[in-house]
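For reference, the structure is listed below as structure tokens.
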Amino acid sequence: MAVRTTGEKISRGRLRELVPVYQELAVDKDLLVEGQRELTEYMQSRGHFDAQVDFDMATNDKKETVVEYSIFPGDRHKVVAVE
């Protein structure tokens, strides 16, 4: 099993924390959707409030499952002042 991201660089360690397929050692739609939600929340916590994350699952030549999360971060926003 391999998990990759495109569109935004996320460290391997952070990816292991956010995507539950590593903890469960299984790949199913529910775990992939949970990983999608976790990655979206992570991007929003970094200021990308309009971030969108999609995923795609395929099998490569070695019969290995490859999950690719496509991250569209959008513009980064910062809180300047609270009134």
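The values are calculated or read from the model by the stated rules, or taken from the named source; none is laboratory data. Since we're looking at a predicted model, the values are computed, not measured. Counting neighbours? That spans all protein chains shown, and the Cβs are built from the backbone with ideal geometry, glycine included. The protein model used for the area step is the full one, side chains on, heavy atoms only, and it has no ligands, DNA or RNA in it. Shrake-Rupley method; radii C 1.70, N 1.55, O 1.52, S 1.80 Å.
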Whichever residue in the range 7-50 is among the acidic types (D, E) and outside any helix (DSSP H, G or I) and, among such residues, is nearest to S70 (Cα to Cα): E8
Candidates D75, D61 - the one that is under 18 Å from K9 (Cβ atoms) and either among the aromatic types (F, W, Y) or part of a loop (DSSP other than H, G, I, E, B) (or both): D75
Condition met for V82 (of a type in the set (V, I, T) and either open to solvent by 50 Å² or more (accessible area, probe 1.4 Å) or not in a strand (DSSP E or B) (or both)): yes
Close pairs from the range 36-49: first under 17 Å from D75 (Cβ atoms), partner among the aliphatic types (A, V, I, L, M) and part of a helix (DSSP H, G or I), Cβ under 6 Å, at least 6 apart: Y42/L18
Candidate set: the range 39-61, residues that are small (G, A, S) and in contact with a strand residue (DSSP E or B) (Cβ under 9 Å, 6 or more places away or on another chain); chosen: the one modelled with the lowest pLDDT: A58
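Here are V33, V80, V53, V67: which of them is touching a residue at least 24 places away in the same chain (Cβ under 8 Å), out of contact with any Pro (no Cβ under 6 Å at 6 or more places or on another chain) and among the aliphatic types (A, V, I, L, M)? So that I can check it myself, show each step before the final result.
Values: V33 fails: touching a residue at least 24 places away in the same chain (Cβ under 8 Å); V80 fails: touching a residue at least 24 places away in the same chain (Cβ under 8 Å); V53 fails: touching a residue at least 24 places away in the same chain (Cβ under 8 Å).
Sole residue among the options that is touching a residue at least 24 places away in the same chain (Cβ under 8 Å), out of contact with any Pro (no Cβ under 6 Å at 6 or more places or on another chain) and among the aliphatic types (A, V, I, L, M): V67.
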